[in-house]
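**Student:** Below you will find the structure I want to go over with you.
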Amino acid sequence: MSDGAVGQRLDLRTLEQQLRRTGSGGRWTPPPVDPRSLRVGIVHLGIGAFHRAHQVVFTELAAAAAGHDDWGVAGVTQRSASVRDQLIPQDGLYSVLERGPGAAPLRVLGSVREVLFGAAEPAAVVDRIADPAVRVVTLTVTEKGYRRDGAGRLDLSDPQVLADVAGQPPRTVVGQLVRGLQRRWERGAGPVTVLSCDNLVGNGHVLRGLVHDFLDALPSSGLGGLADWIGTSVRFPCCMVDRIVPATTAADRADARRVLGLADHGVVVAEPFSQWVIEDDFAAGRPAWELAGAVTTKDVAAWEAVKLRMLNATHSLLAYLGALGGYDTIAAALSDDQLAAAAEALMVEDVAPTLRVPDGLDLTDYRRGVLRRFANPALRHRTVQVAMDGSQKLPVRLLGTVRDRLAAGAVPQHAALAVAAWMTYVARGRDVHGRDLPLDDPLADRLRAAAAADAGDPPRLVDSLLRVEEIFGVDLPEHDGFRAALTDHVARLTANG
């Protein structure tokens, strides 16, 4: 590469110049489809690193394999304008840098054709969803982005939700979606599919319920027929996604720059593994994702349970125990023999008995693959990053296993250890070296208040946090065996410093 190229930023012009000047040399691959030819057919809400490293890759490879040019992506960034600011000057181009054994060459992607900042451009988001050319709306907004209450319904006490219901330009994801569907209905723009790609049990069913909760809260005047149209013209399939995508660092950006010869402000990092299981129920067509390796099925639930309870639950256990133990990354936590044994035991003793294994999946191989992926030191997936939003993650990752094992007459000790580690993380707020541990959680203030007075008393701490009904419901606090297991684990974790 020439020294002059290194000072330039990635965009369509500089990418073409670089290809003419030096080629890729096998170290990186250009977009397999011409970005200029792509028409927007997908709106994605929540265009963070995961979406760009997962669904966009599948979509672009599928478009190349099928020869289609109508599945470009219009991404909506929800919380900040950073992704827009990264990608717009780059003509939507960015690269995916794989880390670990079997890593592919750096891949430049061109399917993102537009980026909107939802907080500043709500009308544009609504109009994009209502565009007749758009046939699929996808979402990765994290569990908390759905703004659910303790019962799993749309939280109508949330001020932003109430403002969206009242008619402000929508700021919440469900508000954006419903107002976009409303505009679509009014314009006769045709059917559309809404595909949640977040870690929620039955994510499509959940999202459909939240949409109808929003509709039920609206004034009835002028909206007759919208709910019926959504019922007949909008599909909400479920899906399961899997890829480890850690936060991009300055070192990652420097490595991408060395390989590509251009500065990429939007590079994302990922492990080589990637999986997508999709319920094949679409209202108006979809990309041929199966040509890129996705699994299409009529039954996502079994795959989803394996992933949430085996992989995600173990990720959380290692995050909380690892962070408390002073380990900065998941791979470092797994190098601790005690933590590795706890992770293995969680999957074998607690989770496996609760699963309905999908046809064609070897659960032993899957478990070994989970541990092998977590042990990849090249990813540097930070424990405190995985520890975020525990109040939203525990119910879907761990508490289903807890309830199933309790119903079978067994106290799941290792799942209880993971929950106890979260409780200790919340109460202590520091690791064994005295370093602060951030509590990044939508219920952070309430959790701190619940733990503050009882941090040094394990039985009282357990009782206080178990009373957070949004997390534990009304059943788990009443189970003496589970409460005793939590208390024992919290006492040991506290005694160990």
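**Student:** Using the count of nearby Cβ atoms within 10 Å as a rough guide to exposure, how do Met388, Met423 rank from fewest to most?
**Tutor:** On the way: Met388 17, Met423 28.
Fewest-to-most Cβ neighbours within 10 Å comes out as Met388, Met423.
**Student:** Once label points are set 7 Å from the Cα along Cα→Cβ at both Ala495 and Asp69, what is their separation, rounded to one decimal in nm?
**Tutor:** Distance between the two pseudo-spin positions: 7.0 nm.
**Student:** With point charges of +1 on the Cβ of Lys and Arg and -1 on the Cβ of Asp and Glu, referenced to the Cα centre of the stretch 301-495, which listed residue (Leu439, Thr487, Leu399) lies farthest in the positive direction of the dipole?
**Tutor:** Leu439
**Student:** Where nothing but the Cβ of Lys and Arg (+1) and of Asp and Glu (-1) is charged, how large is the charge dipole of the stretch 3-297 around its Cα centre, in debye to the nearest 20?
**Tutor:** Magnitude of the dipole: close to 560 debye.
**Student:** What FRET efficiency, computed as 1/(1 + (r/R0)^6) with R0 = 45 Å and r the Cβ-Cβ distance, is obtained for Asp228 and Arg356, rounded to the nearest 0.05? Spell out each step's value before the answer.
**Tutor:** Numbers: r = 35 Å, r/R0 = 0.77.
So, using R0 = 45 Å, E works out to roughly 0.85.
**Student:** Counting only helical runs of four or more DSSP H residues, what would the 222 nm mean residue ellipticity of the chain come to if each run contributes -39,500 (n - 2.57) and the total is spread over all its residues?
**Tutor:** On the way: 24 runs with 217 residues, N = 497.
Rounded to the nearest 500, the figure is -12500 deg cm²/dmol.
**Student:** How would you classify the stretch 64-192 from its alpha-carbon gyration tensor, with a ≥ b ≥ c the square roots of the eigenvalues: rounded for a/c under 1.5, else prolate if a/b is greater than b/c, otherwise oblate?
**Tutor:** On the way: a/c = 2.01, a/b = 1.48, b/c = 1.35.
It is prolate, given that a/c is not under 1.5 and a/b is the larger ratio.
**Student:** Let me have the relative contact order for the stretch 301-495, percent, based on Cα pairs under 8 Å that are six or more residues apart. Intermediate values should be presented prior to the final figure.
**Tutor:** Details: 248 pairs, mean separation 47.9, N = 195.
That works out to 25 percent.
**Student:** Would you please give the residues with an amide H less than 5 Å from that of Val295, counting only those at least 5 places away or on a separate chain, with H modeled from the backbone geometry?
**Tutor:** The answer is Trp276, Val277, Ile278.
**Student:** Decide, for the stretch 301-495, between rounded, prolate and oblate: order the square roots of the alpha carbon gyration tensor eigenvalues as a ≥ b ≥ c, take rounded if a/c falls under 1.5, and otherwise choose prolate if a/b is larger than b/c, else oblate. Numbers along the way, then the final one.
**Tutor:** Details: a/c = 1.78, a/b = 1.19, b/c = 1.50.
Verdict is oblate for the stretch 301-495.
**Student:** Still on this structure, please answer the following. When only C-alpha pairs under 8 Å and at least 6 residues apart count, what is the relative contact order of the chain, in percent?
**Tutor:** Values: 894 pairs, mean separation 71.0, N = 497.
It comes to 14 percent, rounded to a whole number.
**Student:** A further question follows. List the trypsin sites (Lys or Arg not before Pro) within the stretch 231-322 that DSSP assigns to loop and that have no more than 14 neighbouring Cβ atoms inside 10 Å.
**Tutor:** On the way: sites: Arg235, Arg243, Arg253, Arg257, Arg258, Lys298, Lys307, Arg309; in loops: Arg243, Lys298.
Those satisfying the criteria are Lys298.
**Student:** Could you put Leu45, Leu437, Leu361, Leu493 in order, starting from the residue whose Cβ has the fewest other Cβ atoms within 10 Å? Please list the in-between numbers first.
**Tutor:** Values: Leu45 27, Leu437 18, Leu361 12, Leu493 22.
In increasing order of surrounding Cβ atoms, one gets Leu361, Leu437, Leu493, Leu45.
**Student:** Assuming a ≥ b ≥ c are the square roots of the Cα gyration tensor eigenvalues, decide whether the chain counts as rounded (a/c under 1.5), prolate (otherwise, with a/b larger than b/c) or oblate. Walk me through the numbers before you get to the answer.
**Tutor:** Details: a/c = 1.77, a/b = 1.25, b/c = 1.42.
The shape class here is oblate.
**Student:** With unit charges on the beta carbons (Lys and Arg positive, Asp and Glu negative) and the dipole taken about the Cα centre of the chain, which residue among Thr193, Ile129, His315 sits farthest to the positive side?
**Tutor:** Value: Ile129.
**Student:** Determine the percent antiparallel among the DSSP beta bridges restricted to the chain, to the nearest 5.
**Tutor:** 25
**Student:** Given Cβ point charges of +1 (Lys, Arg) and -1 (Asp, Glu) and nothing else, what value in debye, to the nearest 20, does the dipole of the stretch 301-495 about its Cα centre take?
**Tutor:** Numbers: 22 positive and 26 negative charges, 80 e Å.
Once rounded to the nearest 20, the dipole reads 380 debye.
**Student:** Could you pull out the trypsin sites (Lys or Arg not before Pro) across the stretch 355-430 that fall in loop regions by DSSP (anything but H, G, I, E, B) with no more than 13 other Cβ atoms inside 10 Å? Walk me through the intermediate numbers first.
**Tutor:** On the way: sites: Arg356, Arg367, Arg368, Arg372, Arg373, Arg380, Arg382, Lys393, Arg397, Arg403, Arg405, Arg428, Arg430; in loops: Arg356, Arg380.
Hits after loop and neighbour filter: Arg356.
**Student:** Using +1 on the beta carbon of Lys and Arg, -1 on that of Asp and Glu, and nothing else charged, what's the dipole of the chain about the Cα centre, debye to 20? It would help to have the intermediate numbers written out before the result.
**Tutor:** Details: 54 positive and 60 negative charges, 221 e Å.
Here the size comes out at about 1060 debye.
No lab work stands behind these numbers, since they all come straight from the coordinates. Keep in mind that what you see is a predicted model, and the values were worked out from it rather than measured. Cβ atoms come from the backbone with ideal geometry, glycine included; neighbour counts cover every protein chain shown.
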